[in-house]
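A quick write-up on the structure given underneath.
The values are calculated or read from the model by the stated rules, or taken from the named source; none is laboratory data. The shown structure was predicted, so the numbers you read here are calculated from the model rather than taken from an experiment. Because the Cβ atoms are built from the backbone with ideal geometry, glycine has one as well, and the counts that use them run over all protein chains shown.
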């Protein structure tokens, strides 16, 4: 998988790519009355410590599924179910991409991927991002974000259940209008996840491998 395809895979799972976007004309900018909801969502994201979930992904490429493990501030593991042969593991400043079919493993700085947003110690919805839409109804709240410096590049819409507030699904729309939908399946928030899940171990070699090894 080429480097840009890796970024697309990460963006789809994390819904945090800054190459996002629905047309601005189709959205209503949030007003002062929405401030409390925006702050509440930001607080929830910053309070997120761990997430263990199955996911289902829908896109023009078809349906895919897998498992995601997150332990903030800097650890992530995403493993797709067959036939998608992709494993992504982030720990510290590096993210590993392993292609099970090609038996190829590559490493990239987390700072150069969309994973950087979710894995940072503090998430600020005003830092490099702009809220373009906020909607409520039927026990859910949806917030749409774009990159402040490139609002036409793409958008991400996060959907939260209201009672209690928790992330349930998201939609990524890229600059070409391609849509990726992700639904979390039986997510578990705040539970223990062992560090061994985030070891940067090349499955081909069975030992820790990194850019300096």
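Pairs please, first residue from the stretch 163-177 and touching a residue at least 12 places away in the same chain (Cβ under 8 Å) and at positive phi, second anywhere and in a strand (DSSP E or B) and loosely packed, with under 13 Cβ neighbours inside 10 Å, Cβ atoms under 6 Å, 6+ apart in sequence or on different chains. Once the first residue is touching a residue at least 12 places away in the same chain (Cβ under 8 Å) and at positive phi and sits in the stretch 163-177, no partner that is in a strand (DSSP E or B) and loosely packed, with under 13 Cβ neighbours inside 10 Å comes close enough.
The single condition among (1) under 21 Å from residue 48 (Cβ atoms); (2) free of Cβ contacts under 8 Å to residues at least 12 places away in the same chain that residue 138 does not satisfy is (1).
Can you find a residue in the stretch 50-64 that is over 30 Å from residue 83 (Cβ atoms), out of contact with any helix residue (DSSP H, G or I) (no Cβ under 7 Å at 6 or more places or on another chain) and modelled with pLDDT of 70 or more? So far as the stretch 50-64 goes, no, none of its residues is over 30 Å from residue 83 (Cβ atoms), out of contact with any helix residue (DSSP H, G or I) (no Cβ under 7 Å at 6 or more places or on another chain) and modelled with pLDDT of 70 or more.
Select from the stretch 1-41 the residues that are within 14 Å of residue 157 (Cα to Cα) and modelled with pLDDT of 80 or more and write down the one among them that is surrounded by the most Cβ atoms within 10 Å (Cβ to Cβ). Can you show your working first?
Step one: of the stretch 1-41, the residues within 14 Å of residue 157 (Cα to Cα) are 11-24, 26-30, 38, 41.
Right, trim to modelled with pLDDT of 80 or more and you get 38, 41.
Working: 38: 16, 41: 21.
So the residue we want is 41.
Quick one: in the stretch 147-163, which of the residues that are in contact with a helix residue (DSSP H, G or I) (Cβ under 8 Å, 6 or more places away or on another chain) and either modelled with pLDDT under 80 or under 11 Å from residue 30 (Cα atoms) (or both) is surrounded by the fewest Cβ atoms within 10 Å (Cβ to Cβ)? Looking at residues that are in contact with a helix residue (DSSP H, G or I) (Cβ under 8 Å, 6 or more places away or on another chain) and either modelled with pLDDT under 80 or under 11 Å from residue 30 (Cα atoms) (or both), I get 152.
The number of residues in the stretch 141-152 that are touching a strand residue (DSSP E or B) at 6+ places or on another chain (Cβ under 6 Å), more than 16 Å from residue 40 (Cα to Cα) and in contact (Cβ under 8 Å) with a residue 60 or more places away in the chain comes to 1.
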